[in-house]
Amino acid sequence: MNDVLVGRALAKRFGQTVALGGVDIAVRAGEAVAIMGPSGSGKSTLLHCLAGIMKPDGGEVHLLGRRIDAMGERKRSALRRTRFGFVFQFGQLLPELPAEENVALPLMLGGVPRAQAVRRAREWFAPLGLHSMEARRPGELSGGQAQRVAIARALVSRPAVVFADEPTGALDQQTGQETMRLLVEATKHNDASLIVVTHDPNVAAWCDRTVEVRDGHLLAGAPHPAGPHPAGPHAAGPHAAGPHAAGPHAAGPHPAGPHPARPHPGGEAVHGPKDGTRA
Amino acid sequence: MNLDLTWRLLKGGGRRGLLGTWLTLGAVAVATALLLFAVAANFAFGARAERTAWRNPVPAASGAVAVEASRYDFVRDRAITVIDLAALPGESPAPPPGLPRFPAPGEVWLSPALAALARELPAGELADRYPGPEGVLGDAALVHPGELVAVVGHAPDAPAMTAQRSEDWIIAKPPVKVASLAGEPSEDAEAYQVLSAIASVLMVVPLLVFGGAAARLTVARRDQRLAALRLVGATPGQVVAMTVAEAVIVALAGALVGTAVFALCVPLLAGIQMQGGPWFAGDLFPPPLVLAGVLVAVPLLVGLSAVAGLRRVVVSPLGVAKRETPPAMRFVRVLALIAVLAAFPMLSQNTSVTVVVVALALAFLCVNLAGPWVVGVIGRITAASARGPARLLAGRRLVDDPRSAWRTVSGVALTGFVAGFLGLLSPAAFDEGAAGPPALRVTAPAGQAEEVAGRARERLGAADVQATVKTAANGVVVATLHGTPGVAALDRARTALAGLVPGRTPTTKTDDQRFGIEVLADVRVGTIVVLSVSFLVAIASSGITATSSVLDRRQTYALLRLAGTPLETLDRARRAETLIPLAVMGGGAILVGAFCAIPFMIGGVNAVGMATLGGCVVLGFAGVIGAGALSRPLLRAVTADPAPRPD
Ligand SMILES: Nc1ncnc2c1ncn2[C@@H]1O[C@H](COP(=O)(O)OP(=O)(O)OP(=O)(O)O)[C@@H](O)[C@H]1O
Ligand SMILES: [Mg+2]
């Protein structure tokens, strides 16, 4: 159906360590999935296998019906560049490039002329609350601002799926929340799916559902309660009509009530520059 | 305390940290070995000059004990130095170095190589010229082990010790009364020393730059961690002490390894032909004190360089952690270069050597100072004009850290300076040998030309050499050999005519040019040696810096690769980041070097110099590309890490 990314019976071991012991996972278009679990349980490994960074020892990965885990490194690399976006904990921005060129880089790598790439990159700054930060270098940005630049970079080439490995891990609670809001809203607004690895239940709460990884296996996934984020002022954002399954909140470690009151600097929903074209 | 922590930092740096340490050690070893070579060369030429001082007599104002004269003889295509000695009546003078006693009249002493050659060739070709050798000369009398020297004893009133000799001081030295055989280093020996001093300057400056790059490699691996230490409250003193201790320990080990490498290479280096032959291995070992000095100076310099590299961390704990934009280079750097260059046209061939060497060293250092500024400008232009990602990355990187980019190419660029300097100076080739059959010429004493010619005919006839003997203007007697005689016939003729005119050697036109040819060969060998050393240094340092730049940026590279950036793009960016400044700076340095050479040019530009230059350009580019390619596996390994961490 409308599963964008499907992993079947994914297995991966490092020597004696079984990092993944046969994981099945499917991510639908526009869906935001949080992967949680204790340290060393295999979250990053799962993410890397799904994103074509690592070849699983067993199982298959399909992107829009195409099997990608068997592709050669060159093809997977091209795939990562064009169909996937990545947000890591930190350190992904090139320190010597101004923010706008960091964002434009994936487009330029894809052959978009420089002037056009930079113009398209700039369109992302205002929606992400990065007014007049275009020419700053990553060293001159705060951690949260740098992560927002990274989000812009992940989304600029209109990927089908955005992968984020502890994107808020290096940020304080409040900045992390704000960054997560922007990440979720921006991906939804661009019809991209999102897979986030996180330790923080508050971060996971922004997603449509959470899957738990324990010792390389998935626990039963649990969709989040109806409506995205009851208390957030962003609730009326463009993704409000996203495909959220309703149902009880079983295994998810989400707080039962609304999210704790969070001030939203800027507060407005994220309207990434949407031109409908996918790179 | 600090040392303990240092040791743990050194060991605890992980595999990649250790890689940096090993690279530093290797780089310091190479630098030390080459530095010892550059220093030793001066002492080696000095030793040669000292050992041959006795052949360059100092006229005695009073208290003369002996008469000394010299001339050159030739066998095959080699020169023989013939020293004529006569003791004056009175107490016997002290013998010259390498001889057990002062030669009595009629005695002949040959150098080992000449004695061997005399035994090897038929007597009529060489041995008969120096009949009944008394013994062989010791090494203390010789420039090099293969040198051909004959010492001949005479009575003070013998014709050889009284007759007029050639006016040309290069060909012969007339009899001189001396008070001792100590003598003084000859002018040409001193000229060689000056040239070797210049060569040393040309080699040492890139070496210093290289040493600095090596030191920074340690620091680069540490500065993040040290910045973290600063953040948790280590005092600047502690941070500096730890870094310096680490750098110095590694550098000392490297210097010791380098000394061993140098010692192992001495037999090879001794084979380099200079002044007509190879070297005594002993000449190439620098004196112990100098060796000790190098072993102290190298770690010291590396330590200082490490401190300089750490300045930013110490000044601000956040300096490294936050990766701020470094302050822009000052234009003063370029002004300094222009100022020094402006002084060059005032120099000439007559300027004192010290001034020239100092000016050259200054020009060299200023090229090094101006380098980063120019690299910054190049980077700005590259970034502004870039269309694709590789060039953009390269340009931004050049702007971000012009110093490190300059370090990658500085060695080769400075070699360009050397090549430009030497390329313009290398003398044109001699037109080898006169056409036609060989002719031996000797100047007869005034009014005796006919008589000398007659005796020459007799001697040649007796030796069975077909030749026509004629007299020419200025009392020159010319014996033209018939047909196309081989070298053996020519040497028979030489031997037959030996002693025909006391104190004079019959020579061919080629013989007369022998010294020019030898000096030319030496200049070429010297150029090649200097350029080889510069290139080794340059390529090694570009390899080192390429490696350390991969290590420094491994996390970013890895994350870019994860996000799908092709390895080739990263590699292209890396290459552009080196080759663009290399092309501009290398070309610029060649021009500056050539400009500095203009005041000393003899004659025009010539093919040999240009060929050397061309070769340098090709080698430089190939070497830097090769050295950069060597770090590609490292780049691949670093970017293959699926979970890159700061460390
Ligand atoms: N390159 C590797 N070599 C060997 N073992 C590895 C490697 N990468 C991961 N592992 C092991 O695989 C298991 C899963 O690792 P993974 O990085 O996926 O955990 P994680 O859930 O992301 O943990 P964390 O929350 O701490 O990031 C761990 O036991 C880890 O030690
Ligand atoms: Mg992880």
**Message:** Condition (residue is away from every other protein chain (no Cβ under 11 Å), more than 21 Å from the chain's Cα centre (by Cα) and surrounded by 18 or more Cβ atoms within 10 Å (Cβ to Cβ)) applied to the stretch A:149-158: is it met by at least one residue?
**Reply:** no
**Fill in**
Taking the stretch B:158-179 and keeping only residues that are crowded, with 16+ Cβ neighbours inside 10 Å and in contact with a helix residue (DSSP H, G or I) (Cβ under 9 Å, 6 or more places away or on another chain), one is left with B:Ile171, B:Lys173, B:Pro175
**Prompt:** If you take the residues of the stretch A:78-99 that are more than 7 Å from chain B (Cβ to nearest Cβ), surrounded by 23 or more Cβ atoms within 10 Å (Cβ to Cβ) and closer than 23 Å to B:Gly395 by Cα, which of them is modelled with the highest pLDDT?
**Reply:** A:Ala99
**Request:** Identify the single condition in (1) within 14 Å of another protein chain (Cβ to nearest Cβ); (2) within 30 Å of A:Val61 (Cα to Cα); (3) at pLDDT below 90 that A:Leu141 does not satisfy, given that it satisfies every other one.
**Result:** (2)
**Asked** Got at least one residue in the stretch A:166-175 being within 16 Å of ligand 1 (Cβ to nearest atom), crowded, with 22+ Cβ neighbours inside 10 Å and within 14 Å of chain B (Cβ to nearest Cβ)?
**Response** yes
**Request:** Find all pairs meeting these conditions: Cβ atoms under 8 angstrom apart; at least six residues apart or on different chains; first residue within the stretch A:25-48 and within 12 Å of chain B (Cβ to nearest Cβ) and polar (S, T, N, Q); second residue outside any loop (DSSP other than H, G, I, E, B) and within 16 Å of ligand 2 (Cβ to nearest atom).
**Result:** A:Ser44/A:Asp165; A:Ser44/A:Val197; A:Thr45/A:Lys12; A:Thr45/A:Ala19; A:Thr45/A:Leu20
**Item:** Flag if B:Arg380 is more than 28 Å from B:Leu531 (Cβ to Cβ), modelled with pLDDT of 75 or more and within 11 Å of chain A (Cβ to nearest Cβ)
**Value:** no
**Complete:** Here the residues within the stretch A:100-138 that are β-branched (Val, Ile, Thr) and away from chain B (no Cβ under 11 Å) are A:Val103
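Per-residue answers, yes or no, for (1) under 24 Å from B:Arg459 (Cβ atoms); (2) more than 37 Å from the chain's Cα centre (by Cα); (3) of a type in the set (A, V, I, L, M):
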residue	(1), (2), (3)
B:Pro95	no, no, no
B:Arg119	yes, no, no
B:Gly124	yes, yes, no
B:Pro131	yes, yes, no
B:Gly135	no, no, no
B:Pro159	yes, yes, no
**Item:** Those residues of the stretch A:34-48 which are more than 6 Å from ligand 1 (Cβ to nearest atom) and either polar (S, T, N, Q) or closer than 10 Å to A:Val196 by Cβ (or both), in sequence order
**Value:** A:Ala34, A:Ile35, A:Met36, A:Leu47
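The values are calculated or read from the model by the stated rules, or taken from the named source; none is laboratory data. Computed from a prediction, not measured in an experiment: that's the story for all the values here. Glycine gets a Cβ as well: all are built from the backbone with ideal geometry, and neighbour counts include every protein chain shown.
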